[in-house]
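The values are calculated or read from the model by the stated rules, or taken from the named source; none is laboratory data. Predicted model, so just to flag it, every value in this text is computed and none were measured. A quick note on method: Cβ atoms are made from the backbone with ideal geometry, for glycine too, and the neighbour counts reach across all protein chains shown. SASA here: full protein model, heavy atoms, side chains in, ligands and nucleic acids out. Shrake-Rupley method; radii C 1.70, N 1.55, O 1.52, S 1.80 Å.
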Amino acid sequence: MCGRFVVANVASELVGVLRVDVVGDDLPEPSYNVAPTDRVGIVLDSSKTEPPTRRLESARWGFVPSWSKDLASGARAINARAEEAEHKPMFRDALIKRRAVVPATGYYEWKQDGDRKIPHYIHPEDGEPMLFAGLYSWWRNPTLADDDPNRWVLSFTILTRDAIGRLGSIHDRMPLFLDPDFADAWLDPTVENVGDVLDAAIDAAPDVAGTLADHVVGTAVGNVRNNSPELIEPADAA
């Protein structure tokens, strides 16, 4: 699973890499310790325009389905198993028409070593943004007035799959990585063969995983109050 990740500074890069049309005006500051319920920028194709408009928008980590009574359910839905998403009522509709790309600089995973859990930082060796496959949802807060700008909440989950290779030695799950060349097909809300698109993403993820580097980091990352570039430094240099 993916329970913490890093977004150092990817917004400007994504405008070119993913050909973003509209950049939201409330994007969060960079974070070296993104935790569940935090807000980050995600990329989505809005189906309300023809052709769809590609947007980079601020979203809350933790999927809140439209029928939820409150935001609390989101904290329990930060990840969704890619191989089960088509059959889960919470994620099924989003998989069909509300797919997102979640950009990151890297992410943390904890390796079980006896009684200890050792944090690792996993990231692209070339410093380019990494892209997670995600699903998003719009939730209407019933306690707020129609003219309240906060009445709609955009939230998301990160899809995961079985980990492979070196990443599999750290944890048995990994994010569903997307190649930038596959992002258009993943984001397209008009695509009809959603199962084929999902299968293609699952099959291609190991190619991206094989290019990633990792190193052990300090235990400070385990505290959500810690948020600084030092968190991603190797443990012996932190």
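Summary table below
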{"item": "Taking segment 1-65 and dividing mean pair separation by its residue count, relative contact order in percent (alpha carbons under 8 Å, at least six apart)", "result": "35"}
{"item": "Summed residue charge, Cβ within 15 Å of residue 75's Cβ, Lys/Arg positive, Asp/Glu negative", "result": "+3"}
{"item": "Whole-number percent relative contact order across segment 171-238, with pairs defined as alpha carbons under 8 Å at least 6 apart", "result": "28"}
{"item": "Rh by Kirkwood over Cα pairs, then Stokes-Einstein D for segment 127-199 at 1.306 mPa s and 10 °C, µm²/s", "result": "105"}
{"item": "Rounded to the nearest 20 debye, dipole of segment 78-187 from Cβ charges on Lys, Arg, Asp, Glu", "result": "380"}
{"item": "Most mobile listed residue (33, 193, 79) in the chain, GNM with C-alpha springs under 10 Å", "result": "193"}
{"item": "D (Stokes-Einstein, µm²/s), Kirkwood Cα radius, segment 35-83, 1.306 mPa s at 10 °C", "result": "129"}
{"item": "Segment 1-80 - convex hull of the alpha-carbon atoms, volume per residue in Å³", "result": "117"}
{"item": "Isotropic mean projected area of the C-alpha convex hull, the chain (nm²)", "result": "13.3"}
{"item": "Ordering of 24-32, 36-44 by packing [mean C-beta count within 10 Å, highest first]", "result": "36-44, 24-32"}
{"item": "Using θ = phi - 60° and Karplus 6.51 cos²θ - 1.76 cosθ + 1.60, couplings along segment 58-70 (whole Hz; Gly, Pro as x)", "result": "6, 9, 8, 7, x, 5, 10, x, 4, 8, 5, 7, 7"}
{"item": "Alpha carbon Rg of segment 1-135, scaled by the compact-globule rule 2.2 N^0.38 Å", "result": "1.10"}
{"item": "For segment 98-163: Kirkwood Rh in Å [reciprocal of mean 1/r, alpha carbons]", "result": "15.0"}
{"item": "Peptides 100-106, 217-223 ordered by average Cβ neighbours within 10 Å, highest first", "result": "100-106, 217-223"}
{"item": "Simple label model, 7 Å out from Cα along Cβ direction - residue 193 to residue 113, nm", "result": "4.5"}
{"item": "Rounded accessible area per residue of the chain, 1.4 Å, Å²", "result": "49"}
{"item": "Debye log10 I(q)/I(0) for segment 64-204, one point scatterer per Cα, at q = 0.12 Å⁻¹", "result": "-0.56"}
{"item": "Theoretical gain in end-to-end length, residue 13 to residue 128 [0.36 nm per residue, Cα-Cα removed]", "result": "40.5 nm"}
{"item": "Accessible-area composition of segment 1-124, carbon plus sulfur, in percent [1.4 Å probe]", "result": "49"}
{"item": "Distance between segment 31-91 and segment 122-163 - C-alpha centres, whole angstrom", "result": "3"}
{"item": "Segment 43-116 - Debye-derived log10 I(q)/I(0), Cα point model, q = 0.11, 0.17, 0.21 Å⁻¹", "result": "-0.39, -0.85, -1.15"}
{"item": "Charge dipole (segment 161-221, unit charges on Cβ, about Cα centre) - positive-most of 205, 180, 169", "result": "169"}
{"item": "Alpha-carbon Rg with Dmax, taken over segment 171-238, Å", "result": "17.0, 50"}
{"item": "Peptides ranked, highest mean first, by Cβ atoms within 10 Å: ranges 49-57, 151-159", "result": "151-159, 49-57"}
{"item": "The chain: relative contact order in percent, alpha carbon pairs under 8 Å with at least 6 residues between", "result": "22"}
